[in-house]
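Worksheet for the structure shown next.
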Amino acid sequence: MLRSLWTAATGMKGQQLNIDTISNNLANVNTTSYKTQRLEFKDLLYETIKKSNFTDGYGKPVNLEVGHGVMASATTRDFKNGNVMETQNPLDVAIDGVGFFAIEMPNGELKYTRDGSFKLSVDDDERTITTANGYFVTDEDGNRIVIEEEMTDLTIDEMGNITVKDEDHEIVEVGRLRIVRFLNPEGLLSDGRNLYNVTDASGEAIDIDSDEMEGRILQRYLEMSNVQIVEEMIKLITAQRAYETNSKTIQASDEMLQQTNNLRR
């Protein structure tokens, strides 16, 4: 009898974590380039009460097993592209296809993002392209992208090349955005602030040259979240009902124990 109490409890814990994941998706429905997370489950160990005994065509061909519930095994991200939204801001950039931008942190560490809502950070007379948090966007050589004071009309083409007009109104190329890919992007570790860390599971970043681009860079656009609200609401209702069912299992087990305790000789 007690086995059912603990088994149902694992179901409630699992569905609570499932609802936490769904609520995080819904909370980030307007987060630039956010990728939907999905919780995966596995069943727990089984207790074999009676093994199969099948010999020469006779005997019991199946086992008698009782499971011990469920456990959360992993959260996976859906890196499917989200819709793009036009912003008319020349520093807003979206990746239409495969790829991540490389971001240099204050300690020199590299992180990666699909959030292209870039800004200009001014230090004395030097302007650099950064994220909203002030982290430097790097070019394909691993350097910071510097836009001098007299440069105007910043343009980013579909390959990520950045050009400006100098003081003589001539077009000058200042660099190319570093675009990378991963053999297993689902292995990336989320760091918050729309940033991802490399792990052994993701593999090292692989640079995408301009002639290897599988997509294109869209200036004056931002990639929106790929969260589907209707799907998440359906998942939320399903998780809520599963949680409720497991709680009723605990109530039923408790009532059965109560009946057993009330037995009289």
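Just so you know, all these numbers are worked out from the coordinates, no wet-lab data involved. Nothing here was measured: the structure is a model prediction, and the numbers come from that model. Don't worry about glycine lacking a Cβ; one is built from the backbone with ideal geometry, like all the others, and counts go over all protein chains shown.
Key figures
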quantity	calculated
Lys/Arg +1, Asp/Glu -1 at C-beta; the chain dipole; positive extreme among 118, 210, 44	44
Given charges at beta-carbon only (K, R positive; D, E negative), |dipole| of the chain in Debye	3260 debye
The chain - percent relative contact order, Cα under 8 Å, separation 6 or more	26 percent
For the stretch 88-155, convex hull volume per residue from C-alpha positions, Å³	101 Å³
Phi-based couplings in Hz for the stretch 241-250 (Karplus 6.51, -1.76, 1.60; Gly and Pro marked x)	5, 5, 4, 5, 5, 5, 5, 5, 5, 5
Cα Rg, Dmax, the stretch 182-229, angstrom units	13.3, 37
The stretch 84-223 - percent relative contact order, Cα under 8 Å, separation 6 or more	32 percent
Nearest-20 debye value, the stretch 84-223 charge dipole, Cβ charges on Lys, Arg, Asp, Glu	740 debye
Too-long pairs where the Cα-Cα distance tops 18 Å, listed order kept, from 42/80; 35/119; 13/235; 35/235; 80/119	42/80; 35/119; 80/119
Farthest positive-ward along the chain dipole, Cα basis, beta-carbon charges - from 229, 102, 34	229
Translational diffusion coefficient (Stokes-Einstein; Kirkwood radius from C-alpha pairs) of the stretch 84-223 at 10 °C, 1.306 mPa s, in µm²/s	104 µm²/s
Relative contact order (%) - the stretch 4-78, alpha-carbon pairs under 8 angstrom, separation at least six	39 percent
Relative exposure of 12, 71, judged by other C-beta atoms within 10 Å (fewest first)	71, 12
Charge dipole (the chain, unit charges on Cβ, about Cα centre) - positive-most of 81, 4, 24	4
Reachable aspartates and glutamates, given that their alpha-carbon falls under 19 Å from the alpha-carbon of residue 51 and they are not under 8 places away in the same chain	65
Under DSSP loop assignment and at most 14 Cβ neighbours within 10 Å, longest GluC sites (Glu not before Pro)-free interval of the chain	1-108
Exposure proxy ranking, count of Cβ atoms within 10 Å, fewest first, for 137, 164, 122	122, 164, 137
Gain on full stretching of the segment that runs from residue 88 to residue 254 - 0.36 nm per residue minus C-alpha separation	53.6 nm
